[in-house]
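Inspection log for the structure reproduced underneath, given as structure tokens.
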Amino acid sequence: MQEYGTLIFMVLIFVFFYFFMVRPENKKKKQIEQMRNELAPGDEIVTIGCMVGKICHVDGNLVTFETGEDRVRIQIQKWGISSKVGFEPKEKGKEKDKEKK
């Protein structure tokens, strides 16, 4: 009987780790990937190195953006972009609610 208790305890620990650690991390990765795939010229971005600029051109995995008033153009890969100013991830349930209103 004690063996079943130990087994149930182990299963509960795995379920806890999945819902409170693994699942939120996967959701965050999907949101970042969605943001990077939706990049377009004119979007303001922040890179992993904390540079801020406006996108000029997107070509596959390469993004060219301008920084500051000097209009210096820098080319980076998409994975180097940490965030997009004003980006809100689209959620399936919320899209349907907005369409109904």
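The numbers here are math on the coordinates, done by the rules we state, and not lab data. Here the structure is a predicted model, which is why all the values come from computation and not from measurement. Because the Cβ atoms are built from the backbone with ideal geometry, glycine has one as well, and the counts that use them run over all protein chains shown.
Computed from the alpha carbon atoms alone, the convex hull of the stretch 26-91 holds 81 Å³ per residue. Across the stretch 72-88, coupling constants 3J(HN,Hα) worked out from phi with the 6.51/-1.76/1.60 Karplus curve, θ = phi - 60°, read 6, 9, 10, 10, 9, 7, 4, 5, x, 9, 8, 7, 10, 5, x, 7, 10 Hz, and Gly and Pro carry x. In sequence order, the stretch 31-39 has phi-based couplings of 5, 5, 5, 4, 4, 5, 6, 8, 5 Hz under the Karplus curve 6.51 cos²θ - 1.76 cosθ + 1.60, θ = phi - 60°, and Gly or Pro positions carry x. Maximal additional length on extending the residue 56-residue 74 stretch stands at 5.5 nm, based on 0.36 nm per residue less the C-alpha distance. In percent, rounded to a whole number, the relative contact order of the chain is 21, using alpha-carbon pairs under 8 Å and six or more apart.
Scanning the chain for GluC sites (Glu not before Pro) that sit in a DSSP loop and have at most 13 other Cβ atoms within 10 Å, the longest stretch containing none of them is 1-37. Here the Karplus relation 6.51 cos²θ - 1.76 cosθ + 1.60, evaluated at θ = phi - 60°, turns the backbone of the stretch 3-17 into coupling constants of 5, 5, x, 5, 5, 5, 4, 5, 4, 4, 5, 5, 5, 4, 4 Hz, with x for every Gly and Pro. Quick one: length gained pulling residue 25 to residue 90 fully straight, 0.36 nm per residue minus the C-alpha distance? Between residue 25 and residue 90, full extension yields an extra 21.7 nm. Estimated at 0.36 nm per residue, the fully extended path between residue 38 and residue 4 surpasses their Cα-Cα distance by 7.3 nm.
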